[in-house]
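*Asks:* Take a look at this one; I'll ask things after.
The values are calculated or read from the model by the stated rules, or taken from the named source; none is laboratory data. Here the structure is a predicted model, which is why all the values come from computation and not from measurement. Cβ placement follows ideal geometry from the backbone for every residue including glycine, while neighbour counts extend to all protein chains displayed.
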Amino acid sequence: MLGVLGLLIVCTLVIWFEVPKLRHKKAKKELWLFYTVLAIGMVVSICKALGLNVPNPSDLSAAIFKPISIFLFHLLS
Amino acid sequence: MIFPSHTPDTKKATQSFYIGNIAGGLVMVTLILLGILVLGPYYSQITMFPSYELGRRIDVGNFLQGIEVVIAILWFITLFFKLCIYFYATLLGFANVFHIKDYKLFSFPVALIMITLSLIVYPSVSYQKDWDTKTWIPYSLLVGILYPLFLLIAGFIQNKKRRSSNG
């Protein structure tokens, strides 16, 4: 719970620092993108802070490259 | 790719590239040579960080000891610069993909994702070793050879098309 609270504080600080600059420049696309990336980051980090099972991206790449690596090891052995 | 698309002075950048490569290679060769000469081939094979082990063994007359601390501090500094370069490349690539001029804008959200990923990506050392031996080789083949080759061929075809349409 403490971790989630800290993350929310960090999130508000980031918005407080960055968004006024974007608002000032009237950059709508950048603002949307900023919020999307921040939302993805917040979701992933809150899941991690709550101890939920977050999928590992290196598992995905390991699954994709498994046939090639088996082939390479077969060549080398 | 920071080099050569984000370096204004290509000639100087090429020079620095070569100097850095040669210096890094020399350091690498010295470390490997020292590791084999001091620790022996078997021991330098099974230890995860031979340079740290080398620093631990330095003992000049029971006086100059504990050099491994210096090596650990050096690791912190080098890792900081490595992290800076990777983070810079990530931000530049991100800004390039979405056609944004100011790449500094996304440093906070991307840093948030990066810090969380640093905890997720390698759950343990054995997982890291397994991933490095099994997945890293085909992955680096794809990113380091096939992708640049593909880009080169695509650029070549585009250049040829443009020239034939112009002339």
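*Asks:* Please list, ordered by residue number, the helices (runs of 4 or more DSSP H) wholly in chain A having 1 or more residues that are within 9 Å of chain B (Cβ to nearest Cβ) and of a type in the set (Phe, Trp, Tyr).
*Replies:* Hits in chain A: A:2-25, A:28-49, A:66-76.
*Asks:* Tell me which of these B:SER118 doesn't satisfy, since it passes every other one: (1) in a helix (DSSP H, G or I); (2) closer than 27 Å to A:ALA49 by Cβ; (3) within 8 Å of chain A (Cβ to nearest Cβ); (4) within 18 Å of the chain's Cα centre (by Cα).
*Replies:* Evaluating B:SER118 over (1) in a helix (DSSP H, G or I); (2) closer than 27 Å to A:ALA49 by Cβ; (3) within 8 Å of chain A (Cβ to nearest Cβ); (4) within 18 Å of the chain's Cα centre (by Cα) leaves (3) as the failure.
*Asks:* Check B:GLY93, B:GLY40, B:GLY66, B:GLY20 and return the single one that is outside the structural domain of B:ILE145 (by TED's automatic domain parsing) and modelled with pLDDT of 90 or more.
*Replies:* Answer to the check: B:GLY20.
*Asks:* Only one of these is part of a helix (DSSP H, G or I), within 19 Å of the chain's Cα centre (by Cα) and not assigned by TED's automatic domain parsing to the domain that holds B:ILE2: B:ILE137, B:ILE153, B:ILE113. Name it.
*Replies:* After applying the criteria, what remains is B:ILE137.
*Asks:* Given the criterion free of Cβ contacts under 8 Å to residues at least 12 places away in the same chain and surrounded by 13 or more Cβ atoms within 10 Å (Cβ to Cβ), identify the matching residue among B:LEU152, B:LEU117, B:LEU146, B:LEU91.
*Replies:* The conditions single out B:LEU117.
*Asks:* A further question follows. Just checking: which of the helices (runs of 4 or more DSSP H) contained wholly in region B:1-82 hold 3 or more residues that are surrounded by fewer than 12 Cβ atoms within 10 Å (Cβ to Cβ)?
*Replies:* Filter on region B:1-82 gives B:10-34, B:41-46.
*Asks:* Only one of B:LEU141, B:LEU112, B:LEU105 is more than 30 Å from A:LEU38 (Cβ to Cβ) and of a type in the set (A, V, I, L, M, F, W, C). Can you tell me which?
*Replies:* Every option except B:LEU141 fails the conditions.
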